[in-house]
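Novice: I'd like to ask some things about the structure below.
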There are 2 protein chains.
Amino acid sequence: MAAGYHATGVTARASFELFVRELPATRGYLVAAGLEQAISYLETWRCTPDEIAYLRTVPALHGADAGFFDDYLPRLRFTGDVWAMPEGTPVFAGEPILRVTAPLGEAQLVETALLATVLFQTAVASKAARVTEAAGTRPVIEFGGRRAHGMEAAMYAARAACLAGCRATSNVDAGYRYGVTVSGTMAHSWVMAHPDELTAFSKYLAVHGAQSTLVIDTYDSIDAARLIVGAGLRPGGVRLDSGDLVDLSRDVRGILDAGGLTDTQILVSGDLDEHKVAALVSSGAPIDGFGVGTALSTSSDAPSLSGVYKLVEIERADTMTPVMKLSVGKRTCPAAKQVWRVFDSTDSGDSGKAVRDVVELAGEAGPADGAPLLTCVVRRGRRVQPGRPIDEIRSACQAAVARLPDGVRQHRDARVYPVILGAGLERLAAGVASALSTRGDG
Amino acid sequence: MAAGYHATGVTARASFELFVRELPATRGYLVAAGLEQAISYLETWRCTPDEIAYLRTVPALHGADAGFFDDYLPRLRFTGDVWAMPEGTPVFAGEPILRVTAPLGEAQLVETALLATVLFQTAVASKAARVTEAAGTRPVIEFGGRRAHGMEAAMYAARAACLAGCRATSNVDAGYRYGVTVSGTMAHSWVMAHPDELTAFSKYLAVHGAQSTLVIDTYDSIDAARLIVGAGLRPGGVRLDSGDLVDLSRDVRGILDAGGLTDTQILVSGDLDEHKVAALVSSGAPIDGFGVGTALSTSSDAPSLSGVYKLVEIERADTMTPVMKLSVGKRTCPAAKQVWRVFDSTDSGDSGKAVRDVVELAGEAGPADGAPLLTCVVRRGRRVQPGRPIDEIRSACQAAVARLPDGVRQHRDARVYPVILGAGLERLAAGVASALSTRGDG
């Protein structure tokens, strides 16, 4: 399509909005994430000579003119503007998470990368907000790298999980790249690689420090707990990864306490998700922290979001003109938009609950009691704000999630949060749809 | 753990096997994939100076000795051997897809990357085998890049989908990297970017060739079909992406045929999976091809596999010694293994159906009528065979899937394919388990 726009001389600027059509059935809200990687992608976006040489061989591009390969692609850079919700912001169906305004070819070519980057991290952050809320004050460590969709997905998942509430990740590369805290415990193979469990435990503590966490279920968790106490080891923690975690944690806690190891924490892992974590917490089991893997790194119950990137306006005769599609069940809403979150004003300060969002034309004034969510993050191809530390995003995210109505946050049968169209947008959308249906060109 | 092995002077060689514990409820078989990227990873695996500088700052490594950072990590290369199933091979629960034998630290450090790389492509290839079998002779194009878990996942998904049956992908970067065929159609934004649909269609065909495919549901699919016929356009295909695809394809076919466009193909897309494709095929709707996105690129109904990478043997006093874990519900099977597929010998030639797999110790002779599935693919850190073209893998995959019993291949309530332990392995496993339970060290 970029070749087509080049061939037909289309250089008009256009705006595309990235939004999720419908929330997954198991989500009452989403948490925006991935913006940082999206911006990095746009800032460094290039076509290499090798890539251009390949494109010359693609049959669908045999009709493209020489200037497309010789001039347009080698010079291609992202020169547009981006408005977006800050990472960690709760977001709902139909609300633009980001808006790109750029020459049509540029804005079109970045579609797939922006969707894949933003939707995946948003899916993981949304899951992490649920899991960590279920854990309450107990830390949740992201453990899911091995089941992620490749190594890049593993790192994105670690980052997104941490910005939405996880305290750390076992993914060391994510620590290197994003500055998130890394944390891990030994694997079963450490135990199996040593001639016996006591040797394995003693050597591990000698190397990694007496406060390290030992995995105790390789052979038998109860025997291992007795072994630790009997040998006078004082690990910082023990991890249970199999069996009945309620019963085992109680039995292990009893053995540790009886041996004077009252400070040794009990961590649990093994196919956990928000529902299992909530059940463990409400059981009163003596569990101090959770390792959660696959459920986070693949957002297992909602592994994709129905996210799209849709043209909403295009320059015609130097004026931005709103456009929409009318496809059955996939109608879009025209024009560049702003999202306003309205809070209960009877609460003073920053603690009032969110009561509704209003989606309005970007140019219009929003509701007087609302706060706009989209800000300009890229101007003429350059980032306008430095990236924020993950810890800062996490704090903001947790505060924003806490201000959502309780019903919207509940883990089953969440209430639908009200998102309404502003009067200006509603009027415009009706006008564009009516013009398209009656002009008889389709 | 690698720091621990270094500190305690452990240089023993060890073998780890990568396998899936249980098939997802919705899969009767899996298709191995991702081996090519796993080998590339091992061949190019390095710790950069920046990464090592970061590792020095990680609290869990404060106890590591100077030699670990100064000598071990900078020189780290993968020097081991890998045995694996060729990509495109049908594989079942408990069967090693690959086995790594290397010094313990090396073999351990590559765990997460191997799992994330192999499991994801295996999940996608397994889904693609189902979707393409449902489509029969009609081509399926992989359309799922935008919903994949990041851009790397998008490319891996395109590759895995194509090696297991898809005819092409819309992911141009996957074409560049892996040589898979790329194919796409215009997006709705092309139509919306032009002042009217006829202009959009005409310009697209002028640039991309008269045989291109036009997306016709931006405003109204029936009107668009009439517009094409009325204007005398003769596109290679039209694509429907919304609405009732059975009814619309019949109505559009009628309009095209009446206008003499009997050669114009009808492609359909829009949240398709193997069940929807099968229903469309059995409806007899005049559909010539399918674009399938999210279901493929995320393996949406089974977005993760319960894959693990487990230590199965370790060198002790110069002898490889089998090991296992006894964790409740997560017991492993010791020793290096080979998988033999036994075919019905009443059929002559290469057409007999597979009747069972036998997992046996790697050194033992397998069943006389069986074919071994694991071959050596990396020796002393170097690939021993060149990578195979995707088209060749696809042909081999489709032939191998066709030899699975029909019940195992059915899309709902698949029969369980028999995988049995060979006599040598069974004897050994019982012996190791018994020794571990009675020695009283755990």
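The values are calculated or read from the model by the stated rules, or taken from the named source; none is laboratory data. Being a predicted model, the structure only gives us computed values, none of them experimental. Reconstructed Cβ throughout: ideal geometry from the backbone, glycine too, with neighbour counts over all protein chains shown.
Novice: Taking the stated definitions as given, is B:Arg380 surrounded by fewer than 13 Cβ atoms within 10 Å (Cβ to Cβ), touching a residue at least 40 places away in the same chain (Cβ under 8 Å) and within 30 Å of B:Arg13 (Cα to Cα)? Steps first, answer last, please.
Specialist: Working: surrounded by fewer than 13 Cβ atoms within 10 Å (Cβ to Cβ): yes; touching a residue at least 40 places away in the same chain (Cβ under 8 Å): yes; within 30 Å of B:Arg13 (Cα to Cα): yes.
In short, yes.
Novice: How many residues are more than 10 Å from every other protein chain (Cβ to nearest Cβ), on the phi < 0 side of the Ramachandran plot and of a type outside the set (S, T, N, Q) when one looks only at the stretch A:323-342?
Specialist: Taking the stretch A:323-342 as the starting set, the residues that turn out to be more than 10 Å from every other protein chain (Cβ to nearest Cβ) are A:333, A:335-342.
Okay, now just the ones that are also on the phi < 0 side of the Ramachandran plot, so A:333, A:336-342.
Okay, now just the ones that are also of a type outside the set (S, T, N, Q), so A:333, A:336-337, A:339-342.
Within the stretch A:323-342, residues that are more than 10 Å from every other protein chain (Cβ to nearest Cβ), on the phi < 0 side of the Ramachandran plot and of a type outside the set (S, T, N, Q) number 7.
Novice: Please specify each residue of the stretch B:246-278 satisfying the condition of being under 16 Å from B:Pro139 (Cβ atoms), crowded, with 23+ Cβ neighbours inside 10 Å and not charged (D, E, K, R).
Specialist: Passing the criteria: B:Ser249, B:Thr264, B:Ile266, B:Leu267, B:Val268, B:Leu272, B:Val277.
Novice: Follow-up question, since we're still on this one. For the stretch A:277-310, enumerate the residues that are over 20 Å from A:Thr213 (Cβ atoms) and more than 14 Å from every other protein chain (Cβ to nearest Cβ).
Specialist: A:Ala278, A:Ala279, A:Ser282, A:Ser283, A:Gly284
Novice: Next question, about the same structure. Which one is farthest from the other protein chains (Cβ to nearest Cβ) among residues in the stretch B:175-192 that are polar (S, T, N, Q) and within 25 Å of A:Leu326 (Cα to Cα)?
Specialist: Of the residues in the stretch B:175-192, the ones polar (S, T, N, Q) are B:181, B:183, B:185, B:189.
Retained after the next criterion (residues that are within 25 Å of A:Leu326 (Cα to Cα)): B:185, B:189.
Details: B:Thr185: 9, B:Ser189: 4 Å.
If we take residues in the stretch B:175-192 being polar (S, T, N, Q) and within 25 Å of A:Leu326 (Cα to Cα), then B:Thr185 is farthest from the other protein chains (Cβ to nearest Cβ).
Novice: Considering only residues that are in contact with a His (Cβ under 9 Å, 6 or more places away or on another chain) and either more than 7 Å from chain A (Cβ to nearest Cβ) or polar (S, T, N, Q) (or both), which ones fall in the stretch B:155-174?
Specialist: The first filter runs over the stretch B:155-174 and keeps only residues in contact with a His (Cβ under 9 Å, 6 or more places away or on another chain), leaving B:156-157.
Passing the criteria: only B:Ala157.
Novice: Checking the conditions here, which among A:Val124, A:Val100, A:Val118, A:Val91 is of a type in the set (A, V, I, L, M), farther than 26 Å from A:Asp413 by Cα and modelled with pLDDT of 95 or more? Steps first, answer last, please.
Specialist: Details: A:Val124 fails: farther than 26 Å from A:Asp413 by Cα; A:Val118 fails: farther than 26 Å from A:Asp413 by Cα; A:Val91 fails: farther than 26 Å from A:Asp413 by Cα.
Criteria check complete, one pass: A:Val100.
Novice: Mind listing just one residue for me: the one in the stretch A:279-313 that is surrounded by fewer than 18 Cβ atoms within 10 Å (Cβ to Cβ) and in contact (Cβ under 8 Å) with a residue 60 or more places away in the chain and, of those, farthest from B:Gly270 (Cα to Cα)? Lay out the reasoning, then the answer.
Specialist: Residues of the stretch A:279-313 that are surrounded by fewer than 18 Cβ atoms within 10 Å (Cβ to Cβ), as a first pass: A:279, A:281-284, A:286, A:288, A:301, A:306.
Now restrict to residues that are in contact (Cβ under 8 Å) with a residue 60 or more places away in the chain: A:281, A:288, A:301, A:306.
Numbers: A:Val281: 41, A:Asp288: 45, A:Asp301: 21, A:Ser306: 11 Å.
The residue in question is A:Asp288.
Novice: Here's a follow-up. For B:Glu152, all conditions in the list (1) more than 11 Å from chain A (Cβ to nearest Cβ); (2) touching a Gly at 6+ places or on another chain (Cβ under 9 Å) hold save one; what is the number of the exception?
Specialist: (1)
Novice: Applying the selection to the stretch B:237-261, what residues are farther than 20 Å from A:Leu326 by Cα and assigned to a strand (DSSP E or B)? Step through it out loud before you land on a result.
Specialist: Step one: list which residues in the stretch B:237-261 are farther than 20 Å from A:Leu326 by Cα, which gives B:237, B:250, B:253-261.
Listed by number, the list holds a single entry, B:Gly237.
Novice: Does at least one position in the stretch A:109-117 carry a residue that is farther than 30 Å from A:Ile287 by Cα and among the small types (Gly, Ala, Ser)? Give the derivation first.
Specialist: Our first condition is that a residue be farther than 30 Å from A:Ile287 by Cα; within the stretch A:109-117, this holds for A:109-117.
Then drop every residue that is not among the small types (Gly, Ala, Ser), which leaves A:113, A:116.
Within the stretch A:109-117 (the criterion being farther than 30 Å from A:Ile287 by Cα and among the small types (Gly, Ala, Ser)), the answer is yes, since at least one residue qualifies.
Novice: For the list (1) more than 30 Å from A:Glu315 (Cα to Cα); (2) surrounded by fewer than 24 Cβ atoms within 10 Å (Cβ to Cβ); (3) aliphatic (A, V, I, L, M), I need the number of the one condition that A:Val140 fails.
Specialist: Failed condition: (2).
Novice: Examine the stretch A:67-81 for a residue that is within 18 Å of the chain's Cα centre (by Cα) and either modelled with pLDDT under 95 or within 15 Å of A:Leu18 (Cβ to Cβ) (or both), and state whether such a residue exists. Spell out the reasoning first.
Specialist: Within the stretch A:67-81, the first condition is being within 18 Å of the chain's Cα centre (by Cα), and the residues that meet it are none.
No - not one qualifying residue is present in the stretch A:67-81.
Novice: On to the next question. For A:Phe201, all conditions in the list (1) over 26 Å from B:His62 (Cα atoms); (2) over 35 Å from the mean Cα position of the chain (by Cα); (3) at pLDDT 95 or above hold save one; what is the number of the exception?
Specialist: (1)
Novice: Next up: For the stretch A:38-61, indicate whether the set of residues that are within 30 Å of A:Val416 (Cβ to Cβ), surrounded by 12 or more Cβ atoms within 10 Å (Cβ to Cβ) and not assigned by TED's automatic domain parsing to the domain that holds A:Glu152 is non-empty. Steps first, please.
Specialist: Kept after step one, since they are within 30 Å of A:Val416 (Cβ to Cβ), are these residues of the stretch A:38-61: A:38.
Pick out the ones that are also surrounded by 12 or more Cβ atoms within 10 Å (Cβ to Cβ) and you get A:38.
Subsequent filtering for residues that are not assigned by TED's automatic domain parsing to the domain that holds A:Glu152 retains A:38.
Yes - at least one qualifying residue is present in the stretch A:38-61.
Novice: Among the residues of the stretch B:316-353, which ones are buried (at least 21 other Cβ atoms within 10 Å of the Cβ) and not in a loop (DSSP other than H, G, I, E, B)?
Specialist: Correct list: B:Lys337, B:Gln338, B:Val339, B:Trp340, B:Arg341.
Novice: Kindly indicate which of A:Ala160, A:Ala128, A:Ala154 is more than 24 Å from B:Pro24 (Cα to Cα) and among the hydrophobic types (A, V, I, L, M, F, W, C).
Specialist: Details: A:Ala128 fails: more than 24 Å from B:Pro24 (Cα to Cα); A:Ala154 fails: more than 24 Å from B:Pro24 (Cα to Cα).
Residue meeting the stated conditions: A:Ala160.
Novice: Considering only helices (runs of 4 or more DSSP H) fully contained in the stretch B:366-442, which possess at least 3 residues that are under 20 Å from the mean Cα position of the chain (by Cα) and modelled with pLDDT of 90 or more? Don't jump to the end; show me each part of the working.
Specialist: Details: elements: B:390-402, B:406-409, B:423-438.
Those helices (runs of 4 or more DSSP H) span B:390-402.
Novice: So which of B:Ala66, B:Ala93, B:Ala60, B:Ala53 ends up being touching a residue at least 40 places away in the same chain (Cβ under 8 Å) and either more than 23 Å from A:Gly184 (Cβ to Cβ) or within 14 Å of chain A (Cβ to nearest Cβ) (or both)?
Specialist: Values: B:Ala66 fails: touching a residue at least 40 places away in the same chain (Cβ under 8 Å); B:Ala60 fails: touching a residue at least 40 places away in the same chain (Cβ under 8 Å); B:Ala53 fails: touching a residue at least 40 places away in the same chain (Cβ under 8 Å).
The unique qualifying residue is B:Ala93.
Novice: Sticking with this one: When residues of the stretch B:181-236 are filtered for being touching a residue at least 12 places away in the same chain (Cβ under 8 Å), within 25 Å of A:Val308 (Cα to Cα) and part of a loop (DSSP other than H, G, I, E, B), how many remain?
Specialist: Of the residues in that region, 11 qualify.
Novice: With the requirement that a residue be in contact with a Phe, Trp or Tyr (Cβ under 9 Å, 6 or more places away or on another chain), under 23 Å from B:Ile393 (Cβ atoms) and hydrophobic (A, V, I, L, M, F, W, C), what does the stretch B:177-202 give you?
Specialist: Hit for the stretch B:177-202 is B:Val182, nothing else.
Novice: Shifting gears a bit: When the stretch A:88-108 is examined, which residues are found to be β-branched (Val, Ile, Thr) and closer than 22 Å to A:Ile390 by Cα?
Specialist: Going residue by residue through the stretch A:88-108, those that are β-branched (Val, Ile, Thr) are A:89, A:91, A:97, A:100-101.
Correct list: A:Thr89, A:Val91, A:Ile97.
Novice: Hey, among the residues in the stretch A:96-137 that are surrounded by fewer than 24 Cβ atoms within 10 Å (Cβ to Cβ) and without any contact (Cβ under 8 Å) to a residue 12 or more places away in the chain, which one's farthest from the chain's Cα centre (by Cα)?
Specialist: That would be A:Thr137.
Novice: Additional query: Taking the condition part of a loop (DSSP other than H, G, I, E, B) and either closer than 30 Å to A:Ser297 by Cβ or not assigned by TED's automatic domain parsing to the domain that holds A:Ala362 (or both), does A:Ala25 pass?
Specialist: Details: part of a loop (DSSP other than H, G, I, E, B): yes; either closer than 30 Å to A:Ser297 by Cβ or not assigned by TED's automatic domain parsing to the domain that holds A:Ala362 (or both): yes.
Judged against the criteria, A:Ala25 is a match.
Novice: How do the pairs read when you match residues in the stretch B:314-328 that are over 12 Å from B:Gly431 (Cβ atoms) and among the charged types (D, E, K, R) with residues anywhere that are surrounded by fewer than 21 Cβ atoms within 10 Å (Cβ to Cβ) and modelled with pLDDT of 90 or more, using Cβ under 6 Å and keeping only pairs 6 or more apart or on different chains?
Specialist: Qualifying pairs under 6 Å: B:Glu315/B:Ala12; B:Glu315/B:Arg13.
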